[in-house]
1. Just checking, how many residues over segment 1-31 are of a type in the set (A, V, I, L, M) and either within 30 Å of residue 57 (Cβ to Cβ) or in contact with a Lys or Arg (Cβ under 8 Å, 6 or more places away or on another chain) (or both)?
2. Among the residues of segment 61-72 satisfying the criterion of being among the basic types (Lys, Arg) and exposed (fewer than 15 other Cβ atoms within 10 Å of the Cβ), which is nearest to the chain's Cα centre (by Cα)?
3. Which of the helices (runs of 4 or more DSSP H) found entirely inside segment 1-60 contain at least 1 residues meeting this: surrounded by 12 or more Cβ atoms within 10 Å (Cβ to Cβ), out of contact with any strand residue (DSSP E or B) (no Cβ under 6 Å at 6 or more places or on another chain) and not hydrophobic (A, V, I, L, M, F, W, C)?
4. Of the numbered conditions (1) outside any loop (DSSP other than H, G, I, E, B); (2) modelled with pLDDT of 90 or more; (3) not acidic (Asp, Glu), residue 84 fails exactly one; give the number of that condition.
5. What are the residues in segment 61-74 that are of a type in the set (Val, Ile, Thr), closer than 17 Å to residue 20 by Cβ and either part of a helix (DSSP H, G or I) or at pLDDT 95 or above (or both), if any?
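The values are calculated or read from the model by the stated rules, or taken from the named source; none is laboratory data. Predicted model only: the values in this text are computed from it and were never measured. Here Cβ is always computed from backbone atoms with ideal geometry, including for glycine, and neighbour counts include all displayed protein chains.
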Amino acid sequence: MLATLIEAYEKAQHPVDPPSPKEAIRFRMEQGQFTRAELGQLLGGTAKVAEVLGNKRALSKAMIVRLHRAYAIPYESLLGDLERVRKPMKRRSPSPKHPRIRATG
């Protein structure tokens, strides 16, 4: 009974976020499930592996599905960086060479 109450309290007060895709992949590699070379075959090359693990490239949908099916990495962990992919667009300021002409009157 006490263990259930403690577990409920910890979930409410101290939720644990899922690991980032990079952390999840590295964890599985450390467990000995696959090597970096095998990961390269799965993701489409060693350059892509370096980019993914270096946070230079987000996982594509195909990569996410392959990783989940091959190494049972949870989708929740693999989808963790989707917000990083979407960058806000910059607003363009008006050109100083051609200021806007406003009607007076």
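1. Residues that pass the stated criteria total 4.
2. The initial filter retains those residues of segment 61-72 that are among the basic types (Lys, Arg), namely 61, 66, 69.
When the remaining residues are screened for being exposed (fewer than 15 other Cβ atoms within 10 Å of the Cβ), the result is 61, 69.
On the way: 61: 11, 69: 18 Å.
Here the residue is 61.
3. 21-30, 36-43, 46-53
4. So the condition that residue 84 fails would be (2).
5. 64
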